[in-house]
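Enquirer: Sending over a structure as C-alpha cells; questions will come in a sec.
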Amino acid sequence: MSHKHFIAAGFLGLFSAASQAQDLTVTLTNLTQGIHFTPVIAASHDMNAAIFHVAETASAELTALAEGGSIADMSILLSNAGADVIENPASGLLAAAQMTSFNLTNSSGNDYLSVAAMMLPTNDGFVGLDSWKIPSEAGTYTVYLNAYDAGTEANNELVLTGSGAPGTLGIPAAPGGDAGSNGTGVSDAQSNTNIHIHRGVLGDTDASAGASDLDSRVHRWLNPVAKLTVVVQ
C-alpha cells in the first residue's frame, strides 16, 4: 500500500477520476485543545454537490450546521443530490484530542469527499473539507482541515441559552463546562458575510465579566484544527 500525505484542506490531487465504487476508511481527529466538534457529517458526491464553498454565502443548511450543529437539513440536501452520506459517526460530540472512524463506499461518479461539523464553543465556526478529490489509487492519504466562519453571525463569544437557532445571536453551549458568563460581547457585527477562514476565538481570562465568555487559555486555536486520514482500498 502506498502512502501519500497532502497538507492542505481542499487539495484536489493529481489523480484521475475514480471510475468505479471504492471502499474508504476515514478517520477524523480533533487537533484542538479545548474545542468540541458537534455531530459530523461526511459525504462522497459528484462535482455538482457540496457542503460549502469558501468565499460564497452560506446556504440555509450550512447555517443550521454552523450556528446550532444541526446536520439534518444538510443530510437531506446531500442525499437528494445522490451523495453517499455518513451522519454522526462519533455518536455525539467529538472532544479535543479524540478521533472517530467510519467506512464509506462511494458510488460511481461520487468522486469528491466533503466533511463538516460545528465547533463549540463558537458562534458560527465549523471545521470543514470542501470537495476533496478522492484518489483513484489505493493508499493512505492525510488531509489537514481548517476552521471556517460561516459569516452568518457576529462573533460575540457569549454563551446564551437557546441561541443555537439560526439568526439567534450567541453560542448555544460550552460542552467542556469551561466557559465564563456575564461577558459584554466581543463583536456585534459580522464584516465578512461570506464563508471565510475563522479568525479564532479571542476570549479573555475573566470568568465572571470581560468582553468574552470564552477562556483564551482553553478555547483559542490555530489552524489546522483537525486531521483527516483516508484509506482508499
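The values are calculated or read from the model by the stated rules, or taken from the named source; none is laboratory data. Keep in mind it's a predicted model, so treat the numbers as computed, not measured. Every residue, glycine as well, gets a Cβ built from its backbone with ideal geometry; the counts of neighbours run over all protein chains shown.
Enquirer: I need the full set of residues from the range 194-229 which are surrounded by 14 or more Cβ atoms within 10 Å (Cβ to Cβ), in contact with a Ser or Thr (Cβ under 8 Å, 6 or more places away or on another chain) and of a type in the set (S, T, N, Q), in order please.
Expert: Result: Asn194, Ser216, Thr229.
Enquirer: May I ask you to list the residues in the range 189-208 that are modelled with pLDDT of 95 or more and either among the aliphatic types (A, V, I, L, M) or not in a loop (DSSP other than H, G, I, E, B) (or both)?
Expert: Selection gives Ile195, His196, Ile197, Val201, Leu202, Asp204, Ala207.
Enquirer: Could you please let me know if Ala50 is touching a Ser or Thr at 6+ places or on another chain (Cβ under 9 Å), at pLDDT below 85 and over 30 Å from Leu214 (Cα atoms)?
Expert: It is false that Ala50 is touching a Ser or Thr at 6+ places or on another chain (Cβ under 9 Å), at pLDDT below 85 and over 30 Å from Leu214 (Cα atoms).
Enquirer: Let me ask you something else. Kindly provide the set of residues from the range 56-71 that are surrounded by 24 or more Cβ atoms within 10 Å (Cβ to Cβ), of a type outside the set (Asp, Glu) and part of a helix (DSSP H, G or I), ordered by number.
Expert: Once the filter is applied, which keeps residues that are surrounded by 24 or more Cβ atoms within 10 Å (Cβ to Cβ), of a type outside the set (Asp, Glu) and part of a helix (DSSP H, G or I), the range 56-71 yields Leu62, Leu65, Ala66.
Enquirer: So Thr152 ticks every box in (1) over 20 Å from Thr57 (Cα atoms); (2) in contact with a Ser or Thr (Cβ under 7 Å, 6 or more places away or on another chain); (3) β-branched (Val, Ile, Thr) but one. Which box is left unticked?
Expert: Looking at each condition in turn, Thr152 falls short on (1).
Enquirer: Hey, another quick one. Which numbered condition trips up Asn146, out of (1) touching a residue at least 60 places away in the same chain (Cβ under 8 Å); (2) more than 18 Å from the chain's Cα centre (by Cα); (3) closer than 25 Å to Ala49 by Cα?
Expert: Among (1) touching a residue at least 60 places away in the same chain (Cβ under 8 Å); (2) more than 18 Å from the chain's Cα centre (by Cα); (3) closer than 25 Å to Ala49 by Cα, Asn146 violates only (2).
Enquirer: I've got another one for you. Just need a number here: residues in the range 70-113 that are farther than 21 Å from Ala60 by Cα and free of Cβ contacts under 8 Å to residues at least 24 places away in the same chain.
Expert: 1
Enquirer: Of all residues in the range 127-156 being touching a strand residue (DSSP E or B) at 6+ places or on another chain (Cβ under 8 Å), buried (at least 17 other Cβ atoms within 10 Å of the Cβ) and among the charged types (D, E, K, R), which is farthest from Lys227 (Cα to Cα)?
Expert: Result: Asp149.
Enquirer: Sticking with this one: Please go through the range 104-126 and give me each residue that is surrounded by fewer than 22 Cβ atoms within 10 Å (Cβ to Cβ) and within 19 Å of Ala226 (Cβ to Cβ), ordered by number.
Expert: Scanning the range 104-126 gives a single hit, Leu104.
Enquirer: For the range 103-128, give me each residue that is part of a strand (DSSP E or B) and at pLDDT below 95.
Expert: Matches in the range 103-128: Thr105, Asn106.
Enquirer: So is Ala211 closer than 17 Å to Val115 by Cα and at pLDDT 95 or above or not?
Expert: Judged against the criteria, Ala211 is not a match.
Enquirer: Additional query: Is it true that Ile86 is part of a helix (DSSP H, G or I) and farther than 17 Å from Gly125 by Cβ?
Expert: In short, no.
Enquirer: Name the single residue that is nearest to the chain's Cα centre (by Cα) among those in the range 157-183 being of a type outside the set (Gly, Ala, Ser) and surrounded by fewer than 13 Cβ atoms within 10 Å (Cβ to Cβ).
Expert: Thr161
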